[in-house]
Structure formats: structure tokens, C-alpha cells
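Below is one structure; the comments refer to it alone.
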Amino acid sequence: MTNIDWRQLHHASGVAADIPELLEQARHAPAGGDYRDEPWFSLWSALCHQGDVYTASYAALPALLGIAHARQQDHAAARECVLLAGMIELDRASPEFRSPPPIPASLASMYYTALETGALLAQTLLARERDASYARALEIAIAAMHRNAAEARRLDRLDDDV
């Protein structure tokens, strides 16, 4: 992650120079509280804002999944990272609003490799999940990271029917 020039990438609020610090905070921050807890609120707001994703989203996804892998013993934190990564991919592959920017060539290999390992990690988290809402969200993330946006959207719509 050190060779990424975050000043050349963008998120919902502009230049993504703040993302490395937010990712560093995510390595240690508690999760599972209020949706406004930091750094989670800022990461979601910047990287996956109201169905839009950005070039910084693509650079952050491998880091998020790396954090999730390292924090597997802290289920809530690992889950938070995996869910954000899954939503980034879903909104990239199946945007609800605006067309997302293309993945920069310099990030594509790292991004797609992370999706493969992220799907496996999400399955591990799903096996330990006790909350039905989070289980459904993990199923959606798994489908998205398997690059099956249609299935992910179908699973997401099931929540609307309940």
C-alpha cells in the first residue's frame, strides 16, 4: 500500500490523501457500535457514498480485506471491513446511480486478487455470524466478491421484502 499515491486518487469528498490514516485507524478501532463510530463512518462515507465508488475505493479494498484478515479474532471489525469491500465491488459492478470510474490499470491486479481472498474470508466470517441481518449482508458481500452482482442484488432485494 505504500506505493499508492493517494493524492492522485479521489473519494466522495475529493482528494483521497486522508484514506491511509483512516485505514491505519481501522487496524485498531473497535467496531460494532453506532454507525457513526470512527473511522468506520468516514471510510464508508468516503469510499462507498450513497451507491457511488471512486478510484480511492479500488485502492482501499485490498487494504480493507488485509485488515479484516488480520483482525479475524475481532469479528465485528473484520466484518465491517469485509462488508465495505463487498459493497465497493457491488457498486462498481452494478451501480444503482452513476457509472463508477474505471479501475486504474495500476490497481486492477491487486483489486481482483483481493476479491478472491476476500470472498473466502467472508465465508469464514459468515460461518461464525449469529445475527441474521449481518449474515445476509455477508452473503451479499460474498456474491459481490465472487463477481456475481446479479445474485448480490437479488439477495439485497430479499431484505426489502421482509
*Hey, could you check the range 109-134 for residues that are among the hydrophobic types (A, V, I, L, M, F, W, C) and in contact (Cβ under 8 Å) with a residue 40 or more places away in the chain and say which is surrounded by the most Cβ atoms within 10 Å (Cβ to Cβ)?*
122
*If we keep just the residues of the range 98-156 that are acidic (Asp, Glu), assigned to a helix (DSSP H, G or I) and at pLDDT 95 or above, which is nearest to residue 76 (Cα to Cα)?*
139
*Among 80, 89, which is among the charged types (D, E, K, R) and within 18 Å of residue 107 (Cα to Cα)?*
89
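Yes/no matrix, rows are residues, columns are (1) modelled with pLDDT of 95 or more; (2) more than 11 Å from the chain's Cα centre (by Cα); (3) surrounded by fewer than 16 Cβ atoms within 10 Å (Cβ to Cβ):
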residue	(1), (2), (3)
13	yes, yes, yes
26	yes, yes, no
36	no, yes, yes
49	no, yes, yes
61	yes, no, no
71	yes, yes, no
85	yes, no, no
89	yes, no, no
96	no, yes, yes
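The values are calculated or read from the model by the stated rules, or taken from the named source; none is laboratory data. Worth saying up front: this structure is predicted, and the values here are computed from it rather than measured. Glycine gets a Cβ as well: all are built from the backbone with ideal geometry, and neighbour counts include every protein chain shown.
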